[in-house]
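The values are calculated or read from the model by the stated rules, or taken from the named source; none is laboratory data. Note that the structure is predicted; figures quoted are calculated from it, not measured. Note: ideal-geometry Cβ built from the backbone for every residue, glycine included; neighbour counts use all protein chains shown. Note: accessible area is taken over every heavy atom of the protein model, side chains too, but ligands, DNA and RNA are not part of it. Shrake-Rupley method; radii C 1.70, N 1.55, O 1.52, S 1.80 Å.
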Amino acid sequence: MSKKDAIFEKFGIIATKLGNQIHLRTLRDAFATFMPFMMLAGFVTLINYVILEPTGFMGKIIDPGTLTTIQEIGTSISNGTLNITTLLVVAAVSYHMCVSRNYTNQIAAVLVAISTFVVLTPMMTFFTPEGSQQAFEVSGVIPVTHTGASGMFVGIFVGLVATELFIKLSNNQKLQIQLSGNIPPAVLKSFNVLIPIMITVTTFAIGSFAINQLFHMDVNTVITTVITGPLSKVTTGLPGFLLITSIANLFFGFGIHQAVISGSLLDPFLLQNMQENMAAYANKEEIPHIINMAFKDTFAVMGGSGNTIALLIAIFIFSRRKDYKDFAKLSVTPAIFNISEPIIFGLPIVFNISLIIPFVLAPIFSLTVAYFATAVGLINHVVVQIPWTTPPVISGFLATGGDWRAAALQIAIIAVSVFIYLPFLRIDEKVTSNMSKKSN
């Protein structure tokens, strides 16, 4: 085995082990399950606050009061998606944790996780009446700040830890209540997990009480202060975001899907930023974040991971090999919808150092340009979660709430990315030609 092959093999082993890590895999699968709700919320945001905006174009055609009334449909959908994000995350993480652990009573685990989340959530908020300077405490309510994007990491924590504890207790036969006689299976299952449910929920309730007494803060505040805040600054700051995205694409270059890294380390933070952007856009507030989920999809997944639409264009225009052009023709239709697996595994890019390098570099360039273009106001912030399969150019227009400049920026980025890929494509063609001559 050559030295290069040995390095590839070692890296592949490490990447495989990381990809199979149970908690990372659980988070990746959970957020994949949760994504349709985000897309629905994105469509509603686009329709409600771009198309149906009373002060916009439609307001000149239809009575603004009528448009405001119609917007209530979208508002109710937002309440059932954006405003209960954390509850959805709790359920999704708990379910996939059960699947990863081969635990069959998934419904019991999901219910325990949801119950535990409510136990940890303070049912109290402060309300300041209009025209008053004094805030009043209102009890018996769960603030949207805890069930929406802000509480996402509490949901992840509960989904993982509460489910792990519950599964471990449920597998202990000493804690199962054995019943005899002709008992319906559902009743038997519920009694088998009765004691584990009681122990799990009570344990978290005691822990929440202890934290509140010691630090005078609820669990949500502690997790936000100690974990979420610092990690979010690292992962969604430009340097950390580019580093993790590059590592994810590097993994893909070695055959391990980039979702192994980005799905577990980035997506929770990116989704939280995305939800906060959509909420701010809906309320006509200042948009808080540049980097979010749709920002990555819009500017780093044009044609698929690695912005491979640029590689296909480079092949069509500049390639001297007929077989490359023939394969590009087969790959272009999936690439229009940001599916890059045919070109990644077919050309291939995988284990091909000549093309892995631009595969990593192209998204770094595009994300950096898009970041600073947003920061200086050349394009609008990304405020709509669109399906990742939305074709390039269209995606830029929709994700920014209808800003044509974002679509134009995508075209410019793709054009420059063609020349990022081009020299490495030349090298790859030369290597392939030399190998063909030696084999003949």
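Brief remarks on what is shown
- Counting only protein heavy atoms and using a 1.4 Å probe, the accessible area of HIS289 comes to about 40 Å².
- Cα-based values for the range 21-78, radius of gyration first and Dmax second, are 16.8, 55 Å.
- Estimated inter-spin distance, LEU111 and PHE127, nm [label 7 Å along Cα→Cβ]: 3.2
- D (Stokes-Einstein, µm²/s), Kirkwood Cα radius, the range 332-388, 1.002 mPa s at 20 °C: 158
- Rounded Å value of the spacing that divides the Cα centres of the range 184-217 and the range 284-315: 43
- Once both labels are positioned 7 Å from their Cα atoms along Cα-to-Cβ, the gap between GLU286 and LEU188 label points is 6.2 nm.
- The angle separating the long axis of helix 85-100 from the principal Cα axis of greatest extent in the chain is about 80 degrees.
- Modelled this way, with points 7 Å down the Cα-to-C-beta line, the labels at THR368 and ALA210 are 4.8 nm from one another.
- Given a 1.4 Å probe and the protein chains as shown, THR400 ends up with an accessible area of around 10 Å².
- Tilt relative to the chain, helix 3-19 - C-alpha long axis, 0 to 90 degrees, to 10: 20
- Estimated D of the range 223-340 in µm² per second, where Rh is the Kirkwood radius over Cα pairs and Stokes-Einstein applies at 20 °C, 1.002 mPa s: 134
- Seen from all directions on average, the range 15-143 presents a Cα convex hull projection of 12.5 nm².
- Across the accessible surface of the range 126-198, with the other protein chains kept in place and a 1.4 Å probe, carbon and sulfur atoms take up 61 percent.
- This model, with +1 at the C-beta of Lys and Arg and -1 at the C-beta of Asp and Glu, gives the range 226-308 a dipole about its Cα centre of some 140 debye.
- Taken as Cα centroids, the range 143-177 and the range 362-415 sit 37 Å apart, rounded to the nearest whole angstrom.
- Shape of the range 199-271, Cα gyration tensor, a/c cut at 1.5: oblate
- Alpha-carbon centroids, the range 26-86 and the range 106-123: separation in whole Å: 27
- This structure gives Rg and Dmax of the Cα atoms in Å, computed directly, and of [x] 26.4, 92; [y] 25.1, 87; [z] 23.0, 83 that value is listed as [y].
- Most tightly packed first, judged by the mean number of other beta-carbon atoms within 10 Å of their residues, the peptides 117-127, 355-365, 70-80 read 355-365, 117-127, 70-80.
- Taking the empirical scaling 2.2 N^0.38 Å for compact globular proteins as reference, the range 306-401 has a Cα radius of gyration ratio of 1.20.
- When shorter helices are ignored and each DSSP H run of at least 4 residues is given -39500 (n - 2.57), the per-residue value for the chain at 222 nm works out to -21500 deg cm²/dmol.
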